[in-house]
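Chemist: One structure, pasted below without further comment.
Rule-based calculations on the coordinates, nothing more; no lab input. Quantities reported herein were computed from a predicted structural model and do not represent experimental measurements. Note: ideal-geometry Cβ built from the backbone for every residue, glycine included; neighbour counts use all protein chains shown.
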Amino acid sequence: MRQCLFIGFSALLIACNSNPSDPQNEQQTRSSNGVQARWSIAIHGGAGHFGTENLSIEQQNAYRLSLTKALEAGGYVLDKGGNATDAVVAAIALMEDDSLFNAGRGAVYTASGAHELDASIMRGSDRNCGAVTGLQGFRHPIQVAMSVMEESQHVFFSGHGAGEFAHSTGAETAEPAWFHTQKAKARFERALERDTTQEKFGTVGCVALDSEGHLAAGTSTGGMTFKRHGRIGDSPIIGAGTWADDRTCAVSATGWGEFFIRSSVAHDIHARMLHAGTSLEEAASATIHQEMAALGGDGGVVAIDHWGNPVFSMNTLGMFRGALIAGGKPVTALFANEKIQP
Ligand code: ASP
């Protein structure tokens, strides 16, 4: 029988491993000792090579505030006894409306100057899932992905068909102007000058454990600046950018999508736990630092195991991230070597 105890955030240490070979980067060990969190949620707002010199204090504070609000939105759902998928949607929908992130409003431009949005969600209890790619004109791609999971017989819709499906569910539409931000436009123009895809990250993702012991994961993104029309990254691909299985963990990835697809990052972490009995922390670290990084990719994951322990792993200098556990306070971090303090 599952042990269901209320625990404060201080009862947990969050594993945050950015690069095991770098002594500056702390690698903490979970100390759950079999204690089950009543509920737990963790998020990311993208990974990238940024340090304190790239973000003013005001910008850092703005990111921390946005992450905190998203954690609170998801935590509110979980605290009321809501399920993990609803919490994931609540947290991600808020970040999709926040122009700080590369998802929904604030999404990056494609090479043809459009916004093609990707999102996916997965439920750990039955491994049902839903995803959309190349979605245009809808405010909350994560809600459309949720509808794919809950209201269709399919798991993945693309482009025009994704839009048709979204319309049929009554999903909220948005004009192109809604998605426009000066920041994304400037990146597009820089990429246009160089005629190259930019590895500017900012995808959003969320993993959650609800009070029934079920896990869920979701991811939403505009992809990569100047991506070619029709390019699909890892974020909407179940097993690459998103995975949830109550037996093991929930994972949401962010980074250079092609490499995350080639390493099946999210599923690889789950498989290590399921088949080799590896802890989430070790599994995430091996997949990111050995499998994915060995191919030349970069990025990270946020994950939660079935005990509710959040784990963050990345090989970039930074990843916008945070966690909230029942009875605790939201905690956030931006830089790889920043410890998430309970
Ligand atoms: N993984 C996303 C993609 O390749 C980008 C990101 O996470 O920032 O589309």
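Chemist: If you rank Arg127, Arg247, Arg231 by fewest surrounding Cβ atoms within 10 Å, what's the result?
Modeler: Working: Arg127 14, Arg247 11, Arg231 18.
Ascending number of Cβ neighbours within 10 Å: Arg247, Arg127, Arg231.
Chemist: What is the sum of charges, Lys and Arg at +1 and Asp and Glu at -1, for the other residues whose Cβ falls under 12 Å from the Cβ of Ile41? It would help to have the intermediate numbers written out before the result.
Modeler: Working: positive: Arg38, Arg321; negative: Glu72, Asp79, Asp86, Asp210.
Neighbour charge sum, excluding Ile41 itself: -2.
Chemist: Still on this structure: Eight or more residues apart or on different chains, and alpha-carbon atoms under 24 Å: count the Lys pairs in the chain matching that.
Modeler: Taking the Cα cut-off of 24 Å, the pair count is 13.
Chemist: Sticking with this structure for a sec: So what is the relative contact order for segment 82-236, in percent, with contacts set as C-alpha pairs under 8 Å and at least six apart?
Modeler: Values: 382 pairs, mean separation 56.1, N = 155.
Result for segment 82-236 is 36 percent.
Chemist: Here's something else I'd like to know. Taking the simple approach of a point 7 Å from Cα along Cα-to-Cβ for both Glu175 and Ala294, what is their distance in nm?
Modeler: Taking the simple label geometry, Glu175 and Ala294 are separated by 5.2 nm.
Chemist: Sequence gap at least 6, Cα distance under 8 Å: using those rules, report the relative contact order of the chain to the nearest whole percent. Spell out each step's value before the answer.
Modeler: On the way: 986 pairs, mean separation 90.9, N = 342.
Relative contact order comes out at 27 percent.
Chemist: Using a Gaussian network model of the chain whose springs link C-alpha atoms within less than 10 Å, name the residue from Ala276, Ala250, Ala166 with the highest mean-square fluctuation.
Modeler: Checking each option, the largest mean-square fluctuation is seen for Ala276.
Chemist: For the residues Cys129, Cys206, Cys249, what sequence is obtained by ranking on other C-beta atoms within 10 Å, fewest first?
Modeler: Working: Cys129 24, Cys206 36, Cys249 31.
So the ranking, lowest neighbour count to highest, is Cys129, Cys249, Cys206.
Chemist: Could you work out the Rg to Rh ratio of the chain, with Rh taken as the Kirkwood radius (inverse of the mean 1/r over all Cα pairs)? Numbers along the way, then the final one.
Modeler: Details: Rg = 18.0 Å, Rh = 19.1 Å.
When Rh is taken as the Kirkwood radius, the ratio is 0.94.
Chemist: Next question. For the pair Ser168/Gln60, report the inter-label distance in nm, with labels modelled 7 Å from Cα in the Cβ direction.
Modeler: With each label point 7 Å from Cα toward Cβ, the separation is 4.9 nm.
Chemist: For a quick check: sort Glu72, Glu281 by the number of other beta carbons within 10 angstrom, fewest at the front. Don't skip to the answer; put the middle values down first.
Modeler: Details: Glu72 17, Glu281 23.
Ordered by Cβ neighbours within 10 Å, fewest first: Glu72, Glu281.
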